[in-house]
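Just so it is clear, none of the values below were taken in a lab; they were calculated from the coordinates. Please read all numbers here as calculations on a predicted model, not as lab measurements. No Cβ is skipped: glycine too gets one built from the backbone with ideal geometry, and neighbour counts run over all protein chains shown.
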Amino acid sequence: MDQRDIIKQFWKALDKSPFVMIGIPAQNAHSEPMTAQFDDDIPNALFFYARRDNRLATGMASHPQAMVQFTGKGHDFFACISGMLSVSDDPRLIDKFWSNAIEAWFDGGKDDPNLTLLRFDMKNAEMWEADLSAGNKLKMLFGGDIDYGDPNEKHIETTM
């Protein structure tokens with residue numbers, strides 16, 4: 001399996017279950033569950049709706065480096081991704097990812113003054129797969145830096 005296949009496997013797994021744990025290591029606080037929003041138009045980036053007073057939103061100004069952990073719906077694919085967290089309050093993006101499920105968290109809807117959209121730009125990742133035929137052993141599929149060479153394609157290039 002080559003890198004592109006592994007990355008396609010990651011995006012497919014994330015599409016089936018977009019729930020991740022995200023935290024800022026420098027905060028020395030626990031990661032928290034968030035729902036990842038993503039789109040092929042913005043490669044290698046995840047977006048999260050949050051409240052402006054959320055510890056991620058308040059902590060990233062002084063510590064923008066964040067870590068995302070992902071477990072696939074079938075517990076057969078895992079990823080740990082480091083990157084940079086920033087605010088992306090572009091109204092077009094807020095509208096693009098908006099849904100009834102998100103609206104339930106914000107009393108004022110898209111105009112809620114406490115609403116913010118966080119952007120996580122992926123820098124480095126490790127990805128594993130559970131090999132069920134080998135007694136549930138995990139095998140690393142990939143470890144390396146993100147390559148932003150082609151803005152129209154999501155992919156990661158290994159440095160191993």
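Shown in residue order for region 112-125 are the 3J(HN,Hα) couplings computed by the Karplus curve 6.51 cos²θ - 1.76 cosθ + 1.60 at θ = phi - 60°: 4, x, 9, 7, 9, 10, 9, 10, 10, 9, 6, 10, 8, 9 Hz (x for Gly and Pro).
Judged by the ratio a/c of the largest to the smallest principal axis of the C-alpha gyration tensor, region 3-145 counts as prolate, that ratio being 1.5 or greater while a/b is larger than b/c. Each Cα pair under 8 Å and six or more residues apart adds its separation to the average, and for region 1-122 the resulting relative contact order is 28 percent. About its Cα centre, region 1-140 has a charge dipole of approximately 320 debye under the convention of +1 per Lys or Arg Cβ and -1 per Asp or Glu Cβ, with nothing else charged.
3J(HN,Hα) couplings calculated from phi for region 54-66 with the Karplus curve 6.51 cos²θ - 1.76 cosθ + 1.60 (θ = phi - 60°) are, in sequence order, 5, 4, 5, 5, 7, x, 6, 4, 9, 9, x, 6, 10 Hz; Gly and Pro show x.
Net charge in the neighbourhood of Ser99 (other residues with Cβ under 15 Å of its Cβ; Lys, Arg +1, Asp, Glu -1) is -3.
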